[in-house]
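S.K.: Below you'll find the structure I mean.
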Amino acid sequence: MSAKDEFPHEWMDSHAKVAINDGSVQAERPSLGEYNHHHLPLGESSITLEPSALDTDQLFPLMETKLYKRRWVMLFIFSLYSMSNAFMWLQYSIISNIFMHFYSIDTLAIDWLSMIYFLTYIPLILPVMWLLENRGIRDVVVVGSAFNCIGAWIKTGTADPNMFIMTFFGQFVCSVATVYILGIPSRLASLWFGQQEVSTACSIGVLGNQLGIAIGFLIPPILVPNVEDMDELAYHIRIMFYISAGVATLIFILVVIVFQEKPEIPPSQAQAQAQSISADEYSYTASILRLLRNKNFMLLVVSYGLNVGCFYAVSTLLNRMIIEHYPGEEVNAGRIGLTIIIAGMVGSLICGIWLDKTKSYRQTTLFVYLMSLIGMLVYAFTLNLGHLWVVFITAGVLGFFMTGYLPLGFEFAVELTYPESEGTSSGLLNCSAQIFGIIFTISQGKIIDHWGTVAGNIFLCIFLLIGTVMTGFIRSDLRRQKANIQTEVQTVSKMTADLEGGVAPPEILKEGKL
């Protein structure tokens, strides 16, 4: 039987529209001119497939790809690990007045229990990114979860008014684990998930961190009531620390036993091409230098840092802002924080699904950034109205957009920088966020102390406005999407040409389908 006689239907459906009439093969193949006008959806009209990119002499082979069901297990385990660490970030600041009384410290000291997470990240991110590139995602996640577990157990012995230095050290160890977390979602999504679900997977990875923050807002005010008796207060604090340590230990064991590096077969053409680059061809230093010279990416680095830095400041200082206008409402302060994060989790998931459907990265990022600015303005001018229900609503709107922006930045960065490592681009984004987080938290705290919450929140609005303008100047070229589209289009063009010439493509012969 000749190659013209019969081909497997599943191959036909996935690679070309072929009609078989009286033993002849007729391939319905678009011309190169038609491919030249292949546009990406929703306004990314500047992104086209140029003829030179489709030159058959420069074809990328269509590589084997496969999606594994266990990809969801990897994502779930990472989300649990991220959740545990994020909870411990806010377990002090959301009941800052209680810990200030317990340890006899001032507001700046209690703020540093949160800001140590930001400060630790800045010097450690480069070596951790190197570790991610040279040892892989599994080693990074295992080491990070170990730090998270160790820090949690250190804090179990610090429920004593004289142990502030030791509790700060335990929080520092936990903050080291954060460096091993924040750059992972986009990397994990690219390694394990297909082209049509990678943004959703990244959003779910970020959701784990947001869920931990939400629990950090909700649980500490419940576990640690504002009581005067120091022994009773120490008992409640100790219970909270032991619960954190127990959960961190279980997650560490789960990571060591179950978490895997990457699937045997890549999930997408873009990932297959990226993995085909040999270690000798890749230079970590050169990759960072290329990213620093990428103007669009650097605009995103700064704008992302401004937005997320504002979120960090609001989260750290939320208790102080609420207590100033609503004394004795520690529990409701936690609930307002929970509202911010739950709304943000919904926003993150919706944005991830939207990006997978439309690939409209620039438009979506700009819209969400603008709405974050508007939400912050509304929150700033309604916080002091005396109605907690209003604060719940405005905080929810703010959280939907500001927290929902987090995975957008990761995925937009990957599109702007492909085929550079997702861990490297995410690491630089988060480094910017930590720097601005420290600056904004300290500055807003001082402004609130001297001029009140309205002035402090307006301060953040100014920088959100700057970030919105900067986002508008970013030009997207969607390199990862072009890589996936070009590879498939090129291969279809070559294979259908082979069909017309009566030559069976090697992929079919190799699989024994003739």
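S.K.: Whenever you get a sec, compute what percent of the accessible area on the stretch 391-473 sits on carbon and sulfur atoms (1.4 Å probe).
M.R.: 82
S.K.: Over the stretch 148-268, what percent of the accessible surface lies on carbon and sulfur atoms, probe 1.4 Å?
M.R.: Ligands and nucleic acids excluded, carbon and sulfur reach 70 percent.
S.K.: Rolling a 1.4 angstrom probe over the protein chains, ignoring ligands and nucleic acids, what is the accessible area of TYR326 in square angstrom, nearest 10?
M.R.: The accessible area comes out at roughly 20 Å².
S.K.: For the stretch 88-151, go through all pairs of different Cα atoms, get the mean of 1/r, take its inverse, and jot down that Kirkwood value in Å.
M.R.: Result for the stretch 88-151 stands at 13.6 Å.
S.K.: Distance between the C-alpha centers of the stretch 131-199 and the stretch 204-259? Whole Å please.
M.R.: Spelled out, the Cα-based centre of one part sits 15 Å from the other.
S.K.: Continuing with this model, one more query. State the extension gain, in nm to one decimal, for the chain segment bounded by GLU264 and ARG138, taking 0.36 nm per residue of separation less the distance between their alpha-carbons.
M.R.: In short, 43.9 nm is gained.
S.K.: Short version: ³J(HN,Hα) in whole Hz for each residue of the stretch 193-205, in order, from phi by Karplus 6.51 cos²θ - 1.76 cosθ + 1.60 (θ = phi - 60°), x for Gly and Pro, what are they?
M.R.: 10, x, 4, 8, 9, 5, 5, 4, 4, 4, 4, 5, x
S.K.: Let me cross-check THR316: its accessible surface, 1.4 Å probe, with only protein heavy atoms counted, in Å² to the nearest 10?
M.R.: 0
S.K.: Show me the three semi-axes of the equivalent ellipsoid for the stretch 329-386, from the C-alpha gyration tensor (sqrt of 5 times each eigenvalue), largest first, rounded to whole Å.
M.R.: Semi-axes from the Cα gyration tensor: 28, 15, 5 Å.
S.K.: If you stretched the chain out fully between ASN226 and LEU119, how much longer would it get, using 0.36 nm times the residue separation minus the C-alpha to C-alpha distance?
M.R.: Answer, rounded to one decimal: 35.6 nm.
S.K.: Starting from the residue with the highest accessible area, list TRP153, TRP451, TRP192, TRP112 in decreasing order, probe 1.4 Å.
M.R.: Output order, biggest surface exposure first: TRP451, TRP153, TRP112, TRP192.
S.K.: For the stretch 137-269, what is the charge dipole size about the Cα centre, in debye to the nearest 20, if Lys and Arg each add +1 at the Cβ and Asp and Glu each add -1 at the Cβ?
M.R.: In total the dipole reaches around 400 debye.
S.K.: Please list the equivalent ellipsoid semi-axes of the stretch 188-321, computed as the square roots of five times the alpha-carbon gyration tensor eigenvalues, in descending order and whole angstrom.
M.R.: 40, 23, 14
S.K.: I would also like to ask the following. Tally Lys and Arg at +1 and Asp and Glu at -1 over the other residues with C-beta under 14 Å from the C-beta of ILE447: what net charge comes out?
M.R.: -1
The values are calculated or read from the model by the stated rules, or taken from the named source; none is laboratory data. Just so it is clear, the structure is predicted and the values come from calculations on it, not from any experiment. Every residue, glycine as well, gets a Cβ built from its backbone with ideal geometry; the counts of neighbours run over all protein chains shown. Ligands, DNA and RNA are stripped out before the accessible areas are found, and what is left, the full protein with its side chains, is counted by its heavy atoms. Shrake-Rupley method; radii C 1.70, N 1.55, O 1.52, S 1.80 Å.
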